[in-house]
Structures are given as C-alpha cells and as structure tokens.
Amino acid sequence: MLRAIALGLRRLVSRKHVDRELDDEVQQYIEHATEAHVKAGLSRADAERAARLEFGGVENVKDQIRSAGWDAALSTIWQDVRFGMRTLRRNPAFTAVTLATIAIGIGANTAMFSVVRAVMLRPLPYAKPEQLALLWSDDPARGLHEGLTAYQTVVDWRTSSRSFSDMAIFSTTSATLMDEPRERLTAAYVSANLFPLLGVPPVLGRVITQREQDDRVASVVLSYALWQRRFGGDSSVIGKALELDDADKGGLPAATIVGVMPESFAFPDKLTQFWVPATLYWRWERERTERFIVWARRWGVVGRLAPAASLAAAQRELNAIGSRLGAEYPATVPDFPGYVPRIVGLLEQVTGHELQSTLWLLFGAVGFVLLIACANVANLLLARGTIRQHELATRRALGATRGRLIRQLIVESLVLSAAGGALGIALAAVASRALGAAAGPYLPRFDELRVDAAVVLFAALAAIATGLAFGAIPALRVTSVSPNAVLKEGARSGRSLRRRRTSGSLVVAECSLAVVLLIGAGLLLRSLARLNAVDPGFRTAGVLSVRLALPRERPPTPTEERGRVDIGQIIATEREVVLSGLLEQIGAAPGVAGAAFADDILVRGEADESITIPGRPQVPAGQLYTSSVSPELFATLGVPLRSGRLLTRADVALKIRALWGGLPNHRLTLAELGRVSLAEPVVVNEAFVRRFFAGDDPVGKRFCIDPTGPKTYWYEIVGVVGDMRRQALERQPIPEYFQTFLPRSNAELLVRARGDPLALAASVRRLVAAALPGTIVLEVSTVDRRMGALTVQRRLQTALLTVFASLALVLAAIGIYGIVHYSVAERWHELGVRVALGAAPRDVLADVIRRGMTPPVVGMAIGLIASAGVSRLMTSLLFGIERSDPVTIAATVLGLAGIALIACYLPARRASRVDPIIALRSE
Amino acid sequence: MTDASTDVIQGTLDMLVLKSLSLEPMHGFGIAQRIEQISRGVFKVNPGSLMLAFQRMERDSLIEPEWRTSDKGRRAKYYRITAKGRRHLERETRDWDRRATAIARLLEA
C-alpha cells in the first residue's frame, strides 16, 4: 500500500517525467516487437506496422494507464473544483445569494456550537474532571439548596464511603489585603488534600501540606491572577508574607506564600484569589466536633469518585451511610437537615441544569436555521440546474457517465459550501466575541468563549454536511433526465412538474421550520415583556449603588478598657453616628434626592432565619428573610408604608441597647418574656403579614429568635411596608423583616439621583472616604443594572432565539421569492399564451400568487402542529403566558403570511405585465 | 467481456508474468514473448492489458522496475520479481492446481 501511495505521489509531483517514462516504455515495446518481426523475416517497415497494429490504440492504452492510479481521481476532482469555481464566478448574483445564505446558516450554528463547547463540552480545569462532584446537605422540605456541612459529618462520610476515593472541604470568605492599595478579596479555607484531589500541580512553589494543616501553619497559595496583579509575576514571591485581615470576627494572620496555581485553575469559583488551610479558621477547634448547630455547618465538600463508581451508585451509598449516621447520632436541633448529601457532578454544578437545557434548546433551534438555508440553496440549485441541463446532456452524449456528472455537481456544491463555511467561521468569530463580552460577567464559562480548533472542525463538518445536503437532491434530479430528451427539446424540459414538486416540498419544509422558530421566539419575547412589566415594589431607576467594605471598628482605648464600660455599645453608637452623618452629607449634595444604607439591595442566597412568634406556629428556616437597612431606605426607594411607622434613628439606639442589654429572667414563659424583654424595633413587609399573621395587623406584636438558647433575642414590629421584589421577578416576594442598620463589614450605599446616578459616583466616593477612611469600594453600579443581572440568562435566550427566528423568516422569504421568480421565468411562454387568449393581468397576478402561496400556507399549517409539540419543551422558560398563547400564534401566522405574500407579489406583478407578443416569441 | 472472465484473465495474467520473471528480469516485450512461448501460443497477450498489469503489479509491490542500458546504449525498462511476488506466485500456483483438479473431477463425474 505504501508503494501505491509513493507511486501516486511521484506521478503528482513529476508528471512530465513519469509521462515520458511511459512513452519510452511503450516505444520500446513496439521496437522490441518490431525487432522480433524483423527476425521472423518481415521488412523493417512491415514489421513496424505489424507491431503497431498488434499493440492497438497507443493513446488509449496510455490513457488507461494514466487514469488507473489514485492520483488520477484526485486530479479529476481538482478539475471539478476549478470548473466549479469558474461556474460560480460566472454567476455572481447566484453565488452571492447562496454564499450569504450558507454563511449565515453555518455561522450561526458555529457560534452556537462555540457556546455549547465552552460551557458544557469543555472539561473543567482539573484532572479527570468527570470524577469530581460536590456534596450538599440540602433540606428540600424547607427549601434549602446547596446546604453546607459540618466538618464532623464530612469526616463520617469520608471514612465510610467507598464510592469516593477522597473528599475535601472548602469555605469561601472575604479578606482584606492590607498592603496598599487595600483590596477586598475572596479567599477560601481549604483542607490540605484539596489540591491533590483536584489533581492540578502548582505552577510555582508547592501547595499546602497536611503537616501545615495539622499544625495550623499560616501558609497561603496564590491564584495566578493575584500573583500577576500584585506581585508582577515575580518568581521570588515564595516565602514572602501576605498581610491579611479577615472580614469575619477573627482576622486571618499574616500568611507566608508557599505556591502559585496555574492560570487555568480556579476553585471553587473564578473570584477566589488565594487558599489557606481550613484549620486557620478562627473557630476551627470549637466547631470541628459539632454536628448539628447551624454555625458549625459551613463547609462545602468536593469529592472524587473512585474509578469504577458512578454518581448514582455513590448517591445510593451515601443515602445508606446517611441513614446509619442518623440512627447513630440523632439530631439535637429541630432544623438539622440530616446526614444524607445531595451529590451533584461538578460540571453540572458550574453550569447549572437550567442553563444546560436552554443551550441545547437553542442549539436545536439554530439547526433549524441551517436546514432552512440548505433548503433555499437546494432550491436555487434546482432552478439553476434546469438552465444547465443542456450542457450536462451534451456531456452525457459525449460519454460522461451519470456518476461522473453527479460527482462534479456535488464537488461544485462542496466548493460553494466550503466558501460559505469559511465566511461563516468569520461571522461566528465575531458573534462569539460579542456574546462572550456581553454575557461573560454573568453566566458561567461564557468568558472563555472562543473559536478554537474544535469549533473550526465543527464548522468544517457542518460545511461538508451542508454541501452534501443541498447538493444531493439537485444533482440527482438534474441528471436523471435522459440526454436525448433534453437535446431534442432544446432548453425547455417537460420534467418541470417533478422539479416544481421538489421545490414546493422544500418551501413547505422551510416555512414549517420558520413557524416553529417564530412561535418559540414570540413566546419568549412575550414572557420577557410580562416579566419587565412586573412592579418590583420600589424605585429601581436612577439609583446609584455603591458596595462598600467598611473598615474595622477602632479598637478600644486603654481608658475604656480600664473603665470597664461596655465598649461594644460605645463603638457601635459611634459607628452609627458616623454613618448617619455620612447619609446626611450625601443627601445634602447637589443632584441627590435621598440616600440610605442596606446590607444588600438584592436578596441573596438562602434565608436560613427561623423565628418564633408567641401564640403562633413556629416558622421554620427557609421561609423568611431578613435585611438591615438604614431608616431612610423606604423613603429613598419609594416603598409605601401600609401600617404603623417607619424606622427612625432613635430605633438604632434601641437596637444597641437590646443587643448589649441585660439578660432576662428565664423562669418566665415565652409570652411573659416577650412582654418584658428589650426588643429591637423592626419593620415587616406585606408578605410577612400575609404568611404569618393571616392578615391581622401585626404592629406591636413581638417575635424572637433562638427561643430555647441562652440568648433569646426579641423583635417588635413597628410598621408594615409594601413588598419589595428583590430577587428574580418571576418569584413571589419573600416574607421579610427589616432591622435597623448597624453594619460590621459590608454595606451597600443607595443614592437616589435627580439625574444620572453614575454622575454622582465621584462625589459620593469622596464623601465616603472622608467619613470612613479605609473603606474599600467594591463596586459602583446602579440598582437597575444589579436587578438586570438577575435576568441575563432569560434575556440572552430570548435574544438568541429572536435572532434565529428572524434569520429563518428572512431566509424563508428569500426562498419563496426565488421560487416564484424562477417559476414565472419558466412559465413566461405559457403566461404569454394565456394573456393572448384573453386573460386579464389581474387573473395572471392571482394565479401566480395562488401558486406561490400554496407551499407557504401548507408549511405554516404543518409548522403550527409541530410547534404545539415543540413548545412543550419550553414551558419552564415561559412566564405569564400559556404555551398556546393566541397573540403569539396570530402574530406569527400573519407575519409569515404577509412576508410570503410580498415575496410572491413582486414577481407576480412582473408576470401580470407580460407582453404576449414578446413572450410568445421567446422560447 | 464479462467481469468474471476479466477477473480470471487478470489473475492468470499476473501469475504468468510472475512465472516469466521468476527466472530472470525481463523487459515488457520479452515477457509477452515468453508467455506466448510457454503457453505454446494459447495465450496471446494484449499489450495494453499487459502494461496495465505491470502498473498494477508494481503498485502491489509484486514486481520492481529496473532501468538498464542495453548494449546499443538505449535505456530499457526491465521488471524484476520481488520476494513478495515470489510468495504470491507460490500461493497462486497452489490455488490454481487445487482449482484445476477440482474442475477436472467435476467434469469427469
């Protein structure tokens, strides 16, 4: 076989040489034959003649020999390619339309594939990532998801489980880098076995060792980004100290840098900038033996499955282990979720199940667009094929086989699709970049969107498949006619009926696909509109949002320590004064209509509060949320007061007293305790009242948290405000109570502007820096934008599906126009006859339009039926409308019918103006 | 010519060429003469088919080309059998014998 390849190559490379050899060989043969004849007695001339006669057709033999190798097939294909390119050049209009159509189809699909690849198909940056999974202690009954686990439980799991070869723990925290410029970073406490478990070696230095974890040594591993940004990528950073301050109670000490992770590594998310041993956590010793208490349940768990284990088997095993643990160590607190973890594969965790199904849906949708593009091009090729029949028939008559012609036509189609595919890749690169820039900050892995080798390969395969798809039918159809018939009749062919039927079917297919896409896009658009119409319950426009990391409170002075006064109270009061002063200053600044603090304008994460209302059923955790807000918040954001009063500055003083207040007598009943204890004033929302007070006026009522613990803390409801939807607008407002604001670390400053809120950013920063030196500004944005981040996924999927549907509509319209146009051209003679026989232009118009509209109408009917099934897949994406929303269906039908009508009308108008004399003369 | 008989002829031709070359390398016409001689005129080889056969057999590495300068100073293309060719010839000869005996028996029965 190698020899065959070598010979073929030689023939390709030095064709002349090989040909001359062949000539020589043939020549010699004849000479030798001649000699033989001469020896046998013939004259030289006779001998030569005899020899030549015996040999037969010299050129024929040489031809056969030349075309026997694989190189010959290659060169004929190359001939076909050049011929195809010439043909395309000669028909620029046709070429332009088909190139554009194919480029759009392949470009859209390639762009969508690059998304699917970046988000779902590309493995995560760890060793054997398909074996990695997270273990959550969920409590679905209380609506708690991604629940964290106590260390002791993790130990139990780890020792008992055989499906997991190892488990590691992690917990993210906020830490301030104290070296200038000060930065608030996300860091993670991790167990030493995390890095070996993930299987990614450091790019510099080493990772945390088990010894360091056991001895609670303060070593830190940096992320690549942090290393580059703060240390300039200097490799002598190993051994240097990192000055840190933990935002939580116990500060992280200064840590020694021991290693740097590679650029592609991130765990548990891309924000985490460095990793320290879990044992450095300030309450490690206290919490490590606890199983039940909520504050001991703070660890995320990542596990690596044993080589033979599956997720399902691991889940079953851990279910069993969990039940056993439950029997051995019965829970002592009511809200313990149990020992059974929910195991989620790491990739699924990162991307989210919802996003995955959305992307597959969109990938399917864009496939429709490609099919429509193929149908269009096939139709155009069919139409053009009629014109080329004469040429093809001549070639058949001259001896070309049908197979050879089909091969040529398919090669031409492949040339077309290859060129279109190349353009498509360029389009996809642009679209990819735009998508990555727009959605990168909000959706997982979108920032890694790019057109790489795998994507290009996909585009190449798509181009080949497309070329075969749209080339096959026309090639078969066009060459199926017998050359005899074509050559006899001239340019007109009687097989146009079959061709018209094929064309018609293609248009029917196009239109049905277009209808499905249009209805899908319509449903999503209406859902988005309904969602945008939901009133969030507070002012979102024109409000500046500045997220701050406040500096630590000052440490007590020696006098205060000696004086044994309640330092905490004093410092808290001081902080309150500073903050209210700051709010007043900002409120007085030009362009400001109001300012307030909140801990976070958005409801984040799970609500794990649990309160007790005397005389009413216990409210379990997960049903309730709490926020801290400064008294001005409701006025600033325009939240209406429904009953009672709003919070005031005096309430803050009450709060401070309650926090540091004396301990009540525990021998009283809960109700009596409620009456006599100091209570912090709070405001609740209407959802709270609806849920827990069944519509009664709650003003004046009290509730507490942790009623059985040593520090029962009481709240008194002083007012009811309107609901604020501070989560995704699809969700119902969560019952909430608002405490007065006394932040320790993070805060969000909300400033209502008279004009553009971002214009106030600079002056606000200045005022904040003056009042609270050492504050780090985490993010400056507007409330609009922050709320907008909640809907990014919905807006993305709506936008993409709308784009695909629009492309489908345009392509379908072009397809319909093309077919009707060609059909009119074909029927020119017949139309001329009609008019000559007395038909009115209006009749011709109606006839052409009727024929042209039949396939689209049939297609729409099929599409409507099909979309009834397809929209079932979309039910989870809809909001506020039915699957069979009549407005969407009506709009789609009218829209597509209207466009189809216009597409038919234009050539029909031309047809109605046919001059019978000219038409009859033309053939 | 039906495909079946061309196949037989092709296979037989290959065998005959290899047989001719098994003694010494020869040029194209020499092989044709040899085949005619050995088969006592039963097989008169078509030169075109022969040259196609040479090309095919060269591709399959059964024979090797060799350019020699004849005494007259002309370059001539000779073919030589390869080791693979010899093995092929052995195999084909055995097969042929087997088939021939089988056919003979069939015809006698």
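The values are calculated or read from the model by the stated rules, or taken from the named source; none is laboratory data. Nothing here was measured: the structure is a model prediction, and the numbers come from that model. We place every Cβ from the backbone using ideal geometry, glycine too, and count neighbours over all the protein chains shown.
Can you pull out every residue in region A:802-825 that is more than 37 Å from the chain's Cα centre (by Cα) and among the aliphatic types (A, V, I, L, M)?
Those that are more than 37 Å from the chain's Cα centre (by Cα) and among the aliphatic types (A, V, I, L, M): A:Ile819, A:Val820, A:Val824, A:Ala825.
Only residues that are within 18 Å of B:Trp67 (Cα to Cα), within 9 Å of chain B (Cβ to nearest Cβ) and touching a residue at least 40 places away in the same chain (Cβ under 8 Å): list them for region A:1-31, please.
Answer for region A:1-31, where residues must be within 18 Å of B:Trp67 (Cα to Cα), within 9 Å of chain B (Cβ to nearest Cβ) and touching a residue at least 40 places away in the same chain (Cβ under 8 Å): A:Leu7, A:Leu22.
Could you tell me which residue of region B:33-54 is farthest from the other protein chains (Cβ to nearest Cβ), considering only residues that are within 12 Å of the chain's Cα centre (by Cα) and crowded, with 18+ Cβ neighbours inside 10 Å?
Per the stated criteria, the residue is B:Ile35.
Please work out which residue is nearest to the other protein chains (Cβ to nearest Cβ), limiting yourself to region B:55-84 and to residues that are of a type in the set (D, E, K, R) and touching a Ser or Thr at 6+ places or on another chain (Cβ under 6 Å).
B:Arg75
When residues of region A:122-140 are filtered for being assigned to a helix (DSSP H, G or I), out of contact with any strand residue (DSSP E or B) (no Cβ under 8 Å at 6 or more places or on another chain) and touching a residue at least 60 places away in the same chain (Cβ under 8 Å), how many remain? Show your work before the answer.
If we filter region A:122-140 for residues that are assigned to a helix (DSSP H, G or I), which is where we start, we get A:129-131, A:140.
Among the residues that remain, those that are also out of contact with any strand residue (DSSP E or B) (no Cβ under 8 Å at 6 or more places or on another chain) are: A:129, A:140.
Restricting the remaining residues to those that are touching a residue at least 60 places away in the same chain (Cβ under 8 Å) gives A:129.
Matching residues across region A:122-140 total 1.
Tally the residues that are exposed (fewer than 13 other Cβ atoms within 10 Å of the Cβ) and within 21 Å of A:Leu602 (Cβ to Cβ), restricting the search to region A:738-773.
So the count comes out to 0.
Across region A:62-71, what is the number of residues that are free of Cβ contacts under 8 Å to residues at least 12 places away in the same chain, more than 9 Å from every other protein chain (Cβ to nearest Cβ) and either buried (at least 16 other Cβ atoms within 10 Å of the Cβ) or part of a helix (DSSP H, G or I) (or both)?
Here the count works out to 1.
I want to confirm something. Restricting to region A:32-61 and keeping residues that are assigned to a helix (DSSP H, G or I), facing chain B (nearest Cβ under 8 Å) and of a type outside the set (A, V, I, L, M), which single residue is farthest from the chain's Cα centre (by Cα)?
A:His32
Can you pull out every residue in region B:51-109 that is part of a helix (DSSP H, G or I), under 24 Å from A:Glu59 (Cα atoms) and charged (D, E, K, R)?
Within region B:51-109, B:Arg56, B:Glu58, B:Arg59 meet the criteria.
Which one of A:Val639, A:Val699 is outside any strand (DSSP E or B) and at pLDDT 90 or above?
Answer to the check: A:Val639.
Pairs only if they're at least six apart or on different chains, beta carbon under 7 angstrom, first in region A:471-483 and assigned to a loop (DSSP other than H, G, I, E, B), second modelled with pLDDT under 80; list them, first residue then second.
A:Val481/A:Gln389; A:Val481/A:Ser493; A:Val481/A:Arg495
For (1) under 17 Å from A:Gly84 (Cα atoms); (2) surrounded by fewer than 19 Cβ atoms within 10 Å (Cβ to Cβ); (3) among the basic types (Lys, Arg), each residue gets a yes or a no:
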residue	(1), (2), (3)
A:Glu391	yes, yes, no
A:Arg396	no, no, yes
A:Val411	yes, no, no
A:Gly421	yes, no, no
A:Gly424	no, no, no
A:Ala434	no, yes, no
A:Gly440	no, yes, no
A:Phe458	no, no, no
A:Ala462	no, no, no
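Can A:Ala306 be described as modelled with pLDDT of 90 or more, among the hydrophobic types (A, V, I, L, M, F, W, C) and surrounded by fewer than 17 Cβ atoms within 10 Å (Cβ to Cβ)?
It is true that A:Ala306 is modelled with pLDDT of 90 or more, among the hydrophobic types (A, V, I, L, M, F, W, C) and surrounded by fewer than 17 Cβ atoms within 10 Å (Cβ to Cβ).
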